[in-house]
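The values are calculated or read from the model by the stated rules, or taken from the named source; none is laboratory data. Bear in mind that the values here come from a model prediction, so they are computed numbers and not experimental data. In this analysis, Cβ positions are derived from the backbone assuming ideal geometry, glycine residues included, and neighbour counts consider all displayed protein chains.
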Amino acid sequence: MKYWLIVVSFISLFGCKQKTPKPNSVTLLKGDFTYRTLSTQEKQAYTAKAQEFYDRVLKRNRFNGSILVAKNGEIVFEAYEGYTNFATKDTITPTTAFHLASISKTFTGMAVLRLMEQNKLALDDSLQQYFPQFPYHQITIQQLLTHRSGLPNYVYFMDTAWNKNIKATNNDMLQFMITKQPALEALPNTRFHYCNTNYALLALIVEKVTKQSFPQYLKDSLFLPLGMNNSFVFSIKDTANYVPSCLSSNTVCKLESIDCIYGDKNVYSTPRDMLLWDKAMYSGAFVSKPTLQKAFTPYSNEKKSFHNYGLGWRLFIDNNEKIVYHNGWWHGNNTVFTRLINDTATIIAIGNRYNRAVYLSRQLGAIFNDKNKDQKLEE
């Protein structure tokens, strides 16, 4: 009898073991960059200076949002102020994801460069390779990345003839361009013209190449592998869960007809997740360091200036000083992502009540290096 019970128990245990499903696992991407550890005195000094700036500049100007300052990969200051939802008065926490506005372009650009590294596309590919009916010729993927395509901005041309009661998708925007053929702003590759259309088209190219939706591709290939668990791309399927930002007058920004187009905007994230994004670029975890150098190279040199644009990144270059950054604005959202390369320091500020004082957060660079004091980065 005892022998039979032992056999039955063994079979039961074995059967249970076989039927237990394996948990979903994500392989985290890792790079090879090592930061110098800050001393306690250094960290305390940076924290005190950042706190003083925050109290004097941002808090005094009714900042509503999240801010994080990091040095050598370590958080030296962070603050979470106000409401994530002005109707329900839900407070902002470190896991509150906000609309990054045009900082979203950095993710789109780097996703394209990763596909280039995987030989799934080439930067000199023409748009007709992906959209055969596209009516504008001699435009390449690189010209989309560098804002040198000359294409008109969908934010304006769709405002003239699109049904405001219908939420447009990226494909809707593409078909609108094919059928309506709004006029070019410039001939391809003749000058820099910042244009949201470029990055909305790049998101479509990512979808064509990967056979995945752009939100799913970024989730599977970038957000989860980097540990960015509170980040996502907002799309038309998310409209029921839309949490509006608001204007400085506390007027709520309702969802508009072009608010579901992504690639140029619509990445939502937190400062802590953005710090992981920052670290991934120092380490080469997402794309290789040679590709990063390519991304951080200026491509519009018609006019001599400290300011330029790379492949998805704004650049400030003064001799050996280089700042790689991107800011954003959409509805009530003002956003800052400043990477002080020489100082391995990062400033991330995300506001969801319209407030141009958010852009002043880049002045925090002066707490790391006096040379950062007078650098006027573009908004």
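All conditions but one from (1) of a type in the set (Lys, Arg); (2) farther than 21 Å from PHE192 by Cβ; (3) more than 16 Å from the chain's Cα centre (by Cα) apply to LYS304; the one that does not is (2).
Would you confirm whether or not region 298-319 contains a residue that is among the hydrophobic types (A, V, I, L, M, F, W, C), within 23 Å of VAL57 (Cα to Cα) and in contact with a Phe, Trp or Tyr (Cβ under 7 Å, 6 or more places away or on another chain)?
Initial filter on region 298-319 (among the hydrophobic types (A, V, I, L, M, F, W, C)): 306, 311, 313, 315-317.
Next, from what is left, pick out any that are within 23 Å of VAL57 (Cα to Cα): none.
No, that holds for no residue.
State whether the residues of region 196-219 include one that is assigned to a helix (DSSP H, G or I), under 19 Å from VAL112 (Cα atoms) and among the basic types (Lys, Arg). Yes, there is a match, as at least one residue in region 196-219 is assigned to a helix (DSSP H, G or I), under 19 Å from VAL112 (Cα atoms) and among the basic types (Lys, Arg).
If you scan region 220-237, which residues turn out to be over 26 Å from LYS30 (Cα atoms) and not in a loop (DSSP other than H, G, I, E, B)? First the steps, then the outcome.
As a first pass, look at region 220-237 and keep what is over 26 Å from LYS30 (Cα atoms): 234-237.
Answer for region 220-237, where residues must be over 26 Å from LYS30 (Cα atoms) and not in a loop (DSSP other than H, G, I, E, B): ILE236, LYS237.
When THR140, THR169 are checked against the criterion of being of a type in the set (Ser, Thr, Tyr), under 20 Å from LEU311 (Cα atoms) and in contact (Cβ under 8 Å) with a residue 12 or more places away in the chain, a single residue qualifies: THR140.
Taking the conditions (1) exposed (fewer than 15 other Cβ atoms within 10 Å of the Cβ); (2) within 26 Å of LYS120 (Cα to Cα); (3) in contact with a helix residue (DSSP H, G or I) (Cβ under 9 Å, 6 or more places away or on another chain) in turn, ALA183 satisfies each one other than (2).
Of these, TYR54, TYR35, TYR80, which one is part of a strand (DSSP E or B) and either within 30 Å of ASN369 (Cβ to Cβ) or modelled with pLDDT of 50 or more (or both)? Result: TYR80 is the single residue among TYR54, TYR35, TYR80 that is part of a strand (DSSP E or B) and either within 30 Å of ASN369 (Cβ to Cβ) or modelled with pLDDT of 50 or more (or both). Scanning region 300-354 for residues that are among the hydrophobic types (A, V, I, L, M, F, W, C), under 27 Å from ASN250 (Cβ atoms) and either surrounded by 22 or more Cβ atoms within 10 Å (Cβ to Cβ) or touching a Lys or Arg at 6+ places or on another chain (Cβ under 6 Å) (or both) yields TRP330, VAL336, PHE337, ILE347, ILE348, ALA349, ILE350.
Considering the conditions (1) touching a residue at least 40 places away in the same chain (Cβ under 8 Å); (2) more than 21 Å from GLY227 (Cβ to Cβ); (3) assigned to a helix (DSSP H, G or I); (4) not charged (D, E, K, R), ASN334 is excluded by exactly one of them, (3). Scanning region 165-180 for residues that are of a type outside the set (A, V, I, L, M, F, W, C), surrounded by fewer than 16 Cβ atoms within 10 Å (Cβ to Cβ) and in a helix (DSSP H, G or I) yields ASN171, GLN175, THR179, LYS180. Taking residues in region 79-91 that are within 13 Å of ASN241 (Cβ to Cβ), and partners anywhere that are hydrophobic (A, V, I, L, M, F, W, C), the pairs with Cβ atoms closer than 6 Å and at least 6 places apart or on different chains are THR84/ILE92; ASN85/VAL243.
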